[in-house]
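Here's the structure, in structure tokens; my notes come after.
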Amino acid sequence: MRTSPGCDTPDTGRRRFIGRTVAMAAVAELGMSPVARAQAPTAGFDQVRQIRAGSLSIGYVDAGPKDGPPVILLHGWPYDIHSYAEVTEILAARGFRVVVPFLRGYGSTRFLDDAAPRNGQQTVLALDVLALMDALAIPSAIIGGYDWGARTADIVAALYPARCAALVSVSGYLIGSPAANRRPLPPAAELAWWYQFYFATERGRTGYAANTSDFARLIWRTASPRWNFDEATFARSAAAFDNPDHVAIVIHNYRWRLGLAEGEPQYDAIEQALAAGPVIAVPTITMEGDANGAPHPRPEDYAAKFTGRYEHRTVGGGVGHNLPQEAPQAFAQAVIDLSHG
């Protein structure tokens, strides 16, 4: 099914904060049942490795045969690598090498320089992925993501297509810019971004630091209202927020989006290229859950951003914002289908 691309950024993503329910024919044909549920622990995710990559020591899981087709999976906020535990198990069993890193500010990922800016702008997250690929000697990979991870994957695919063999992007095209994000939206759309405005204040920074787990639990429930995750599932991911840089990275990310915090000047040229809304030409499958309660664009609003082989899949059955963890079979199948060329 081909539809048309958008963004978890205020300029487009906030306009459509309740996605339309669409049946996912591809999943039905494959006999999958993407039912939202709690997830059991998966072997291998308790064996996090560390590698120096760019300005970071990145914590990551590396599963499957080392000579298998590489897949890099990127999590969002406020989640962590466990979003991909079952996806990783499925893909590793199919012969893929699956790398799942903690983003900067999460889990065991640390800055090498204590004095380095705790920068969360969109460019640096993408450059972190390229540095990780270089450190692991991965020239090109299928890259998948949702939320922050989808935006990061989109950037790599748009500006560094030689490094991205194919793309799986939940909620589609999420590249944005502070200039575009300054434009006001209708009140209902602004309401969906309440936490972004909260984070713009010092009260918000202090409140998030004091109540990080409770804040994340609230986001999980509102973003995936039909996902019946249990406390053990939440606690497994919430441990990643104990990172000493987590609050600083999150606050800078959201303030930067609204133009309330500066990025680093060495990335200005890249940000200018991203502000132009570059198209993505690599083979792509975009995905959306039919019960996504987080701000997100409609598929038809972003399809034109994908100029190569392209397909959109909407996953039914009450799947919310954290699609890889709520519907791992559907997400893994998208990666498998793209690998077939």
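The values are calculated or read from the model by the stated rules, or taken from the named source; none is laboratory data. Keep in mind that this is a model prediction, so the values were computed, not measured. Counting neighbours? That spans all protein chains shown, and the Cβs are built from the backbone with ideal geometry, glycine included. Side chains included, ligands, DNA and RNA excluded: accessible areas come from the protein's heavy atoms. Shrake-Rupley method; radii C 1.70, N 1.55, O 1.52, S 1.80 Å.
Looking at segment 296-320, which of its residues are part of a loop (DSSP other than H, G, I, E, B), open to solvent by less than 10 Å² (accessible area, probe 1.4 Å) and not hydroxyl-bearing (Ser, Thr, Tyr)?
Step one: filter segment 296-320 for residues part of a loop (DSSP other than H, G, I, E, B), giving 296-298, 302, 307-309, 316-320.
From what's left, open to solvent by less than 10 Å² (accessible area, probe 1.4 Å): 296-297, 302, 318-320.
Within segment 296-320, His296, Pro297, Gly318, Val319, Gly320 meet the criteria.
Only one of these is touching a helix residue (DSSP H, G or I) at 6+ places or on another chain (Cβ under 9 Å), crowded, with 18+ Cβ neighbours inside 10 Å and of a type outside the set (Asp, Glu): Pro278, Pro283. Name it.
On the way: Pro278 fails: crowded, with 18+ Cβ neighbours inside 10 Å.
The match here is Pro283.
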Which one of Leu112, Leu103, Leu56, Leu73 is surrounded by fewer than 24 Cβ atoms within 10 Å (Cβ to Cβ) and either touching a Phe, Trp or Tyr at 6+ places or on another chain (Cβ under 9 Å) or modelled with pLDDT of 95 or more (or both)?
-> Leu112
Could you grab me the full set of residues in segment 223-258 that are out of contact with any Phe, Trp or Tyr (no Cβ under 6 Å at 6 or more places or on another chain), open to solvent by less than 60 Å² (accessible area, probe 1.4 Å) and in a loop (DSSP other than H, G, I, E, B)?
-> Ser224, Trp227, Phe229, Asp245, Leu258
Failed item in (1) in a strand (DSSP E or B); (2) over 18 Å from the mean Cα position of the chain (by Cα), with Ala261 passing the rest = (1)
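Would you confirm, using the coordinates I've provided, whether Ser83 is open to solvent by 30 Å² or more (accessible area, probe 1.4 Å) and not basic (Lys, Arg)?
Details: open to solvent by 30 Å² or more (accessible area, probe 1.4 Å): no; not basic (Lys, Arg): yes.
The answer is no for Ser83.
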Please go through segment 193-206 and pick out each residue that is open to solvent by 10 Å² or more (accessible area, probe 1.4 Å) and not polar (S, T, N, Q).
-> Trp194, Tyr195, Phe197, Tyr198, Ala200, Glu202, Arg203, Arg205
Any chance segment 152-172 includes a residue that's hydroxyl-bearing (Ser, Thr, Tyr), closer than 30 Å to Pro283 by Cβ, open to solvent by 10 Å² or more (accessible area, probe 1.4 Å) and under 18 Å from the mean Cα position of the chain (by Cα)?
-> yes
